[in-house]
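The values are calculated or read from the model by the stated rules, or taken from the named source; none is laboratory data. Predicted model only: the values in this text are computed from it and were never measured. Here the Cβ positions follow ideal geometry from the backbone for every residue, glycine too, while neighbour counts run over all protein chains shown.
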Amino acid sequence: MKKQRGFTLIELLVVIAIIAILAAILFPVFAQAREAARKTSCLSNMKQIGNAEVMYMQDYDGSIHELIPGGVANRAGLVGEPSMWMGCLQPYIKNTQVFRCSSSVIPQVDITFAGRTTCSIGMNSYLGMYFNYYNPDGAANVPDRPVTEPLIQYPAETVFICDAFDRTVGTTTPRGYWIDPGYGKGVRFGLSDRHREGTNVAFIDGHAKWYKTNSLLSQMSIDSSGQKYIEMANYNAAGVIWDVDAANPHTAPGKWPSSCCR
């Protein structure tokens, strides 16, 4: 009988090494493809939310809802009030999971006031009544008032929502239901760069787009305090507008630098 010859140890090691090399090459490619799909899914959700906001404003005389409904009247979270800003849009969407980013570490979103730590898509706080506290003239006792269409001169550039930071750091839980660009990224109330160092953004006119996160931020705004930091946030490389009451590159070109980030 003819004796059959098996693989030698060296041959087996060579095959294993080749498989390992191929895996090292292909796995990152698969991961990038998966993240690209998640980014696209998140962007689609944001566009849906943005269109819902357009319909809401049409139904409410061009006004944007509160960030936390009932907050101005000290009724935030009370029974009978809509559940966060997301609840205001439910009649137009009828889906809660559209408010979850596909790449978020939080598996499921709860759009109620009690579940606000589960959010991963945040509303621009500078548009929300009560939170929109920028006072360019320094006058005392400026009354709360909603942001309305006449105040929004550049709807295609004014941020409505974007990816919010959604991770618990130590004992600090996330508050991804609202965004303040003056906080920066990777921190509570800040932006998230989970889409390959990028952030999905939806604008007041309803369209949505992906940006490199750093391009949306101002280092001077992050480093500063006081009312002016809000105005500084309007000066960024992406050219987006965060606060409609403050100066921006259209109304006051070059007033602040637009560089970010350290």
Looking at ARG175 and the list (1) among the charged types (D, E, K, R); (2) out of contact with any Phe, Trp or Tyr (no Cβ under 7 Å at 6 or more places or on another chain); (3) in a loop (DSSP other than H, G, I, E, B), which single condition is not satisfied?
(2)
Considering only residues of segment 115-147 that are at pLDDT 90 or above and aliphatic (A, V, I, L, M), which is farthest from ILE49 (Cα to Cα)?
VAL147
Based on this model, can you work out whether GLY170 counts as over 20 Å from THR40 (Cα atoms) and without any contact (Cβ under 8 Å) to a residue 24 or more places away in the chain?
yes
Can you find, within segment 33-83, the residue that is surrounded by the fewest Cβ atoms within 10 Å (Cβ to Cβ) among those that are β-branched (Val, Ile, Thr) and over 17 Å from the mean Cα position of the chain (by Cα)?
VAL79
Mind telling me which of the residues LYS94, LYS39, LYS47 ends up being modelled with pLDDT under 95 and touching a His at 6+ places or on another chain (Cβ under 9 Å)?
LYS39
In segment 223-262, what residues are among the aliphatic types (A, V, I, L, M), assigned to a helix (DSSP H, G or I) and in contact with a helix residue (DSSP H, G or I) (Cβ under 6 Å, 6 or more places away or on another chain)?
MET232, ALA233
Hey, can you tell me all the residues within segment 101-118 that are assigned to a loop (DSSP other than H, G, I, E, B) and of a type in the set (Val, Ile, Thr)?
VAL105, ILE106, VAL109, ILE111, THR112
